[in-house]
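The values are calculated or read from the model by the stated rules, or taken from the named source; none is laboratory data. Treat the numbers as computed from the prediction; the structure is a model and nothing was measured. Note that each Cβ is placed from the backbone with ideal geometry, even for glycine, and that neighbours are counted across all protein chains shown. All accessible areas refer to the heavy atoms of the entire protein, side chains included, with ligands and DNA or RNA removed. Shrake-Rupley method; radii C 1.70, N 1.55, O 1.52, S 1.80 Å.
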Amino acid sequence: MIKLADAFEKKAADRTLVVGVMGLGYVGLPLAQAYCRQGFHVIGFDVSEDKVEKLNAGKSYIKHISDNSVAVMRETGRFEATTDLDRLNEPDAILICVPTPLDKHRDPDLSYVVSSTEEIGKRLREGQIVILESTTYPGTSDEVMQPILEKLSGLKAGENFAIAYSPEREDPGNPKFETSTIPKVVGADTAAESRMAVAIYSAIVPQVVPVSDVRTAEAVKLTENIFRAVNIALVNELKTIYGAMDIDVWEVIRAADTKPFGFMAFYPGPGLGGHCIPIDPFYLSWKAREFGMTTRFIELSGEINANMPGMVVDAVAAELSNRLEKSIKGAKVLLVGLAYKKNVDDMRESPSLTLVEMLEARGAKVDFYDPYIPVVPYDRDHPEYAGRKSVDWTPDVLKGYDAALVATDHDNVDYHVLLESVPFVVDTRNACHMHASEYGEKIVKA
Ligand SMILES: NC(=O)c1ccc[n+]([C@@H]2O[C@H](COP(=O)([O-])OP(=O)(O)OC[C@H]3O[C@@H](n4cnc5c(N)ncnc54)[C@H](O)[C@@H]3O)[C@@H](O)[C@H]2O)c1
């Protein structure tokens, strides 16, 4: 293996190493771009014909990744996308970036990881390294993937081929960071495998942080996301307590954040969203059960965060009654923002459809507006909303609503015209704070 690692390092240094990225989504595509920019030949594998066709035509299908940047990749002649999995024996390094959701019992769904591993295992050749980047529980690489790869290939991990884990730290839509500026943690079980993993990532990021083994690296990713989930739950709880005391939690956080040490700002919201924070902590809860342990912080924060949409809907109902003497039944409510966070077009796990569902269950007539999501895509938990269209953002349209509920604080939404047009706005993101001096009476922070 030492010799394989020597050869691998040399190929990485002189850019003759071929990189395969499996899963060209929010994580895989920027990763493929980072390697292409650094002069590597990159083969992107995906099961979606549609995505592969678009990428090969030099077009992006993700809002914050421009068509131009994909066209540039194609022009270098060093990037191609394919659905032909027989080509998996071509890359020297295969980076797996496929989804890791929860199943309907809220247990880890490793089906995408398992099927990609099986496809790789059938074609695995000596000297390749297989690196999982998808978020998962400790033990996935060595207990789930390694036996599949070894059985299907007849090769031995750590002897003829390498396995490593490197968590993805993408923050879509955040202009301050991109794949190539975020340090990469890598974990492998032998020194030679670790050297190979360090070599491949050192080519695209300023800092690689090796840890002792794959399980430690898997735990690093979960720790980062559990930290977020727990802290978001904490500020959500503080929001309700301070709200009852007539204290503005946003002002509290802003002031606390001036402390230069020992405090990190997290912000409340209408519930958790996105592909990571609402899901990843439960990967650890599931694995902890195998050890007869419970994850009390994770369960408690899950419970607090899951209660938020109900509290927000209660606030809408209470304001309709207090301000307009109207019942929520029959009231016209505009939900502003479907995406799970600002300035992205991604509504995976977003609490917005849950808010629509809860408002409608109480008889409200709900429309939505999201500048990035003109039409609701298919959502496994809310298939009935697929195809519903965003309303036009004009004063005449806005004047037709009894209330607005801001669920996502996109920067390119004109909150001034919203406040001018509707009787009141329930603002879960402090999106209207710029207009508080003029319209403070109309803003309900919830
Ligand atoms: N999106 C984020 O911000 C983010 C951040 C950190 C970590 N992650 C983690 O990264 C992983 C990928 O997330 P994502 O947001 O990029 O998902 P995504 O859904 O955007 O992309 C996954 C891609 O994999 C493809 N795919 C599915 N099965 C495949 C298979 N068997 N072979 C080849 N391709 C296949 C899909 O067609 C899709 O294009 C997840 O584990 C996620 O938790 C995501």
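For this structure, a couple of remarks:
- Semi-axes of the equivalent ellipsoid of the chain are 44, 24, 20 Å, computed as sqrt(5λ) over the eigenvalues of the C-alpha gyration tensor in descending order.
- Pair ASP86, VAL397: separation of 7 Å Cα→Cβ label points (nm): 5.0 nm
- Farthest toward positive dipole pole in the chain [+1 Lys/Arg, -1 Asp/Glu at C-beta], among PHE368, TYR283, PHE261: PHE261
- When the alpha carbon gyration tensor of segment 351-393 is reduced to an equivalent ellipsoid, the three semi-axes, largest first, read 16, 14, 8 Å.
- The chain: DSSP helices with Cα axial extent of at least 15 Å and average Kyte-Doolittle hydropathy no lower than -0.5: 2-13, 191-202, 214-244, 296-324
- Each Cα pair under 8 Å and six or more residues apart adds its separation to the average, and for segment 94-150 the resulting relative contact order is 44 percent.
- For segment 32-135, the Kirkwood hydrodynamic radius comes to 14.9 Å, computed from all pairs of different C-alpha atoms.
- The loop-placed chymotrypsin sites (Phe, Trp or Tyr not before Pro) in segment 124-216, going by DSSP, that have at most 16 neighbouring Cβ atoms within 10 Å of their Cβ come out as PHE177.
- Computed from label points 7 Å out along Cα-Cβ, the spacing between ASP414 and GLU357 is 3.4 nm.
- Length-normalised contact order of segment 56-138 in % [C-alpha pairs under 8 Å, at least 6 apart]: 28 percent
- For segment 2-212: rounded, prolate or oblate by the Cα gyration tensor [a/c cutoff 1.5]: rounded
- Taking 0.36 nm per residue of sequence separation and removing the Cα-Cα distance, the THR223/ALA71 pair yields an extension gain of 51.1 nm.
- When the residues ILE148, ILE43 are ordered by accessible surface, computed with a 1.4 Å probe over the protein chains alone, the sequence from largest down reads ILE148, ILE43.
- Surface composition of the chain: carbon plus sulfur atoms hold 54% of the accessible area, using a 1.4 angstrom probe and ignoring ligands, DNA and RNA.
- Taking the chain and dividing mean pair separation by its residue count, relative contact order in percent (alpha carbons under 8 Å, at least six apart): 11 percent
- The slack between THR16 and SER202, meaning 0.36 nm per residue of separation minus the straight C-alpha distance, is 65.5 nm.
- For GLU325 and GLU384, a Förster radius of 45 Å and the Cβ-Cβ distance give a FRET efficiency of 0.90, rounded to the nearest 0.05.
- Spatially, segment 140-172 and segment 95-130 are offset by 9 Å when compared through their Cα centroids.
- Taking all protein chains together, LYS287, LYS156, LYS151 sort by accessible area into LYS151, LYS156, LYS287, largest first [probe 1.4 Å].
- Per-residue SASA remark: ARG74, around 80 Å² accessible (1.4 Å probe; ligands, DNA and RNA not included).
- Estimated FRET transfer efficiency (LEU234, ARG296; beta-carbon r; R0 25 Å; 0.05): 0.95
- Using equal-weight Cα scatterers in the Debye expression, the normalised intensity of segment 308-348 in log10 at q = 0.21 Å⁻¹ is -0.74.
- Max mean-square fluctuation residue, GNM over the chain, Cα-Cα springs under 10 Å, options LEU405, LEU284, LEU85: LEU85
- Once you reduce segment 383-422 and segment 6-32 to the center of their Cα atoms, the two points are 43 Å from each other.
- Segment 231-445: equivalent-ellipsoid semi-axes (sqrt of 5 x gyration tensor eigenvalues, Cα, Å): 29, 22, 16
- The helix-only estimate of mean residue ellipticity at 222 nm for the chain, built from DSSP H runs of length n ≥ 4 each weighted as -39500 (n - 2.57), is -12500 deg cm²/dmol after division by the residue total.
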